[in-house]
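Read-outs: derived from the displayed coordinates by stated rules, not from any lab. Values in this document were obtained by computation on a predicted structure and should not be read as measured data. In this analysis, Cβ positions are derived from the backbone assuming ideal geometry, glycine residues included, and neighbour counts consider all displayed protein chains.
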Amino acid sequence: MGGPAPPPEQTAFLDGIQRYAVEGRFGLVPVVRGYVAAAALRREGDRLRLAEHEAEEMIVVPLERISPGQRQALADTGIPLLDCEAGERAHPVVDVQLAARAVERRREELEVAVATALLRSEPDSWLVVDGGLGGLTHLLGSAPRVLGLIKSHETQFLDGPDLEVAVTLPEGHRSSVFARRVGGRSSVYTWYLRLWSWEDRDLLHGLVRIERPATDAALAEATAVSRWLLAERAPLSAPDGRWDRLLYPIRQVETFLRAQVGGWW
Amino acid sequence: MIRGGNGETIGRVVATEALPAGPHQFHFWTATDTTLGIGAIVRVDADSGRRVYAVVVDGRAYSDLATPLHEVVAAEGDPSGVPAPTRRTEVRLWTAAVLRHEPEEPVQPVPLAEVRLASQADVEMALRMDGYVRCEQPTGIPVGVYRAGGLTAPVSLDADFLLGPESAHLNISGVSGLATKTSAVEFMLASIFQRLPSHKGSVAAVCFNVKGPDLCFLDQPGELTEADRELYAALEIEPRPFDGVQYFAPFKPDGVNLNTLRSHAELVGSVQPLVWGLREVLNYHEVLLNRDDIDAKADAFLDFLADRVVEKEFRDDWGGTHRVRSFADLERLFRSIFDGLEQAGRSDVWRTHHIATIRKVRNRLINISTRCRGLVTDDGSVNDLPFGAFEDRAVYVLDVSGMDQLGQDLVFTRVVSMLREHLERGDLGVEHVVVFVDELNKYAPADGPDTYVRKMLLDISERGRYLGLVLFAAQQFRSQVHRRIVGNAGTMVFGRMDMDELATPGYQVLSPATKIKLATLPKGELMVRHPHFTQPVFVRFPRPAVMSGPAGVRRYPPAADVPFEEAVVRQLAALDRRVSPARIKDSMAGRREEDVRRALLATKRARPDDVVGFFTANLGRTVAREQVRREGSSATIPLRQVEDPYAT
């Protein structure tokens, strides 16, 4: 594959965060306060600058479960209300999980909004997204230079010898590209890349999976993309525990977003 | 990029539990491409209306790198590998020391608010200059300009705290050779002379030139750059040399050539000889005699001489009458005493004083005129500073650079003592006198013997502010000067400092960054501490508008010593170019050198219209020699021719 290679000149990095907490209850119905944010940092020279940033605060509640008076009381707080799915029957834990899911969806929407805004202003820029491209399906056709970087490997896409090859890749090697379907109709091309040697460590140490919209270019550029991602190992994102898979610029987006949370956490 | 105090936010105060903001110190961060630096003055505005002014005393930059090992790992141990595509996030964290809270009470921690670069008005507020620059009777004396981020703001000292009576004295430290100490004092004197308001009274300066030609050309214009002129304009001071400078220098041992580097023919006429006699010296015998010499018995005899003998009609015990005015008169008295005692038999005591004590005192005193030849005369002639007639805004330069340490001590002690006496009586002619002394560590060392000079300097530093006697002192190492003298200086000025000196306890209050700045301070920059300034402030001052010593020596090379007659002619010619050398030489013919010296001194002192006439008149009458031998005759008278029976 070759060693690390300089990354493209125009590159941006996108990440989002979400926070939620149960603020109270109307009876059994949880009133969840949520905060979501997404940002993209553009690399100019060797410095990261803020390119796009969106943040929202909301009250998440299953509106069908509360009375008009309660709804008005929530509206009077001045914080936007976000409806969430209500379970078949009231459940103090499940209802909170449903609210959290709504917050997560909103965060994905914000990430899409940020990515859209960035690519609209800088259509030739590469955009490295933290995580898979599942949430950005409607962008896939128009944004061939979007790139998802997945650090966790809970979902298994390969079996048997293929899986073994993928998870035992030596440092600086990638797997062959394969396709996976996202969001029903769309599909993405994906491959594994070993950033750091796993020997004497866990099998998944330094292993990331890359996703790109399924285009011929993605196939042709898989090695080139892998090489510049190898270059992104420096600077190290330590002391973050995920330093072996977390790119420093992505960590900086996270750091920025956490700093913006302010008094929330 | 920071601009000049236009109110833009340049940073924000940060505080953590480990690094809290206090009432006297706080921290703030700025962008990494800031032009902010150590010494910059900033302003913090709280929403509550509280304002805090502070000066930056330290700065740090760091990234989010937890340990250098992470860099090693990222580069896989090869520092020459592919450079990281992203630079780590850096922070510029500054530490600022509070100059002033507005309002002053209650004293609270600095608010966690935006930080702005100070404007000119902010600088005045921060340094409390509003109280003495913007008031009905301003007392501001410009010391230099504060510069940061494109802002140039004048900084002034308070005359009440520079010349008294609130506090006084200025002490300046700095390594030699960077033209800071002397230049700064010359500039400060110009600033005082031009900007001291009339309601503060009159002022003069007495400068001791202790080395080289440093202060020998204060009346000559120096070279200034355009930048210097801009600084003068900003400080509202006219760049011009001093108007009224009077130079004094002792003679060389030949008693006629002046012991100064200002001896060029065009300038030497403006140098007056500094000549003292017995009376001028006797009161300061402690300076000249070794400490070991002055036991109680010798001291008593010296007091006897001073009280009963000098300049009084004194009868010895053997019928002789003496009026001792000079060392020569004193020697005659001693001779009478010794002869009288010898004739009287074996008595060893005269007027309760043992002859051994008398001999000892005689030896030391008579020897003074030898040790300080050129300054002290045997014959009683005197030419002194115009005590009682000091002029406002005049500089009196005493060039003692050619004298040995003993002579310098004597000049310094007597002049300062005389200034003090006259100021106490209020009859000096001016209300304030600035005394400039370089190499203070020589005169008032931190350790060593407790000399008369050091005691006197201590006295000035502790009491001078009430009298208007102000000490401007300079030295290379402040730590080597007596603590009480340094401590009593209301205003401290620092040029570039030596790192070893900065490591001494006297500089512990300064931050490491401030010390580094002091150790690398460029020419023309100073750090100033003043009672109104809560923290030291860095200022830039223009080079003085007077000719520097080295430039003066190049422009006016010192004249070589000339023979006695020629030296007299030149000095008189310097008073009046019309005088005829031949006429002067004629008038000197056959005269004793002491008489010529006395006449020359009187002429230089009086500066008469008719120089030759005055000089000749002061030579006194001559006793004409008579020719005893008739022209054409033999000196021997032949015997009458008689017959001599024994002749052969």
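Numbers at a glance
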quantity	calculated
Under the Karplus curve 6.51 cos²θ - 1.76 cosθ + 1.60, θ = phi - 60°, whole-Hz ³J(HN,Hα) for segment B:604-610, x wherever Gly or Pro sits	5, 6, 7, 6, x, 5, 9
Cβ-Cβ FRET estimate between B:Glu223 and A:Ala113, R0 fixed at 56 Å, reported to 0.05	0.25
Euclidean distance of C-alpha centroids, segment A:181-195 and segment A:201-265, integer Å	16
For chain A: relative contact order, % (alpha-carbon pairs under 8 angstrom, 6 or more apart)	20
Peptide A:243-254, shielding by other chains (average Cβ, 10 Å cutoff)	2
Kirkwood Rh in Å, taken over all unlike Cα pairs in segment B:279-371	13.5
Per-residue HN-Hα couplings for segment A:99-112 [Karplus 6.51, -1.76, 1.60; θ = phi - 60°; Hz; x = Gly/Pro]	5, 4, 4, 5, 5, 4, 4, 5, 5, 5, 4, 5, 4, 4
Euclidean distance between Cα centres, segment B:336-414 to segment A:41-110, Å	100
Cross-link pairs beyond the 25 Å C-alpha cut-off, checked among B:Lys211/B:Lys360; B:Lys297/B:Lys455; B:Lys455/B:Lys523; B:Lys252/B:Lys604; B:Lys360/B:Lys442; B:Lys442/B:Lys604	B:Lys211/B:Lys360; B:Lys455/B:Lys523; B:Lys360/B:Lys442; B:Lys442/B:Lys604
Within straight-line cross-link reach of B:Lys312, aspartates and glutamates at Cα separation under 13 Å, skipping those fewer than 8 residues along the same chain	B:Asp329
Fraction of antiparallel bridges per DSSP, the protein assembly as shown only, in percent to nearest 5	70
Helix-only CD estimate at 222 nm, as mean residue ellipticity for the protein assembly as shown, using -39500 (n - 2.57) per DSSP H run (n ≥ 4)	-9000 deg cm²/dmol
Relative contact order %, segment B:422-509, counting alpha carbon pairs below 8 Å whose residues are six or more apart	34
Length-normalised contact order for segment B:562-619 - Cα pairs under 8 Å, 6+ apart - percent	38
Share of Cα-Cα pairs in the protein assembly as shown lying beyond 52 Å, as whole percent	47
Sequence-distant residues sharing a close amide H with A:Thr215 (under 5 Å, placed H)	A:Tyr189
Between segment B:208-249 and segment B:464-504, the Cα center-to-center distance that results, in Å	23
Virtual spin-label span in nm between A:Arg242 and B:Ala296, 7 Å along Cα→Cβ	9.4
FRET efficiency estimate (nearest 0.05) - Cβ-Cβ, B:Ile516 to B:Arg332, R0 51 angstrom	0.20
Interchain or long-range residues, amide H under 5 Å from B:Val397's placed H	B:Cys207, B:Gln246, B:Tyr247, B:Phe248
Cα-Cα pairs of segment B:190-272 separated by more than 17 Å (percent)	59
D (Stokes-Einstein, µm²/s), Kirkwood Cα radius, segment B:482-600, 1.002 mPa s at 20 °C	109
For segment A:108-173, average projected area of the Cα convex hull in nm²	5.7
Diffusion constant of chain B at 37 °C, which comes from Stokes-Einstein with the Kirkwood Cα-pair radius and 0.692 mPa s, µm²/s	113
Rg in Å to one decimal, and Dmax rounded to a whole Å, for segment B:9-126 via C-alpha atoms	17.7, 58
Stretch gain in nm, segment A:Ala259-A:Lys151, where the contour uses 0.36 nm per residue and the Cα spacing is subtracted	36.6 nm
Test item: Cα-centred dipole of chain B, Lys/Arg +1 and Asp/Glu -1 on Cβ, debye	980
Two-decimal log10 I(q)/I(0) for chain A, as the Debye equation yields it once each C-alpha is a single scatterer, q = 0.09, 0.14, 0.15 Å⁻¹	-0.47, -1.00, -1.09
Over segment A:124-254 - Rg/Rh using Cα atoms and the Kirkwood inverse-distance radius	0.94
Residue-by-residue Karplus 3J(HN,Hα) for segment B:544-553, coefficients 6.51, -1.76, 1.60, Hz, glycine and proline x	x, 7, 10, 6, 6, x, x, 5, x, 5
P(r) of segment B:462-511 over all Cα-Cα pairs, binned every 10 Å from zero, in whole percent	20, 54, 21, 5
Largest-first principal axis extents, alpha carbons of segment B:562-619, Å	25, 17, 17
Compactness of segment B:63-220 as Cα Rg over 2.2 N^0.38 Å, two decimals	1.63
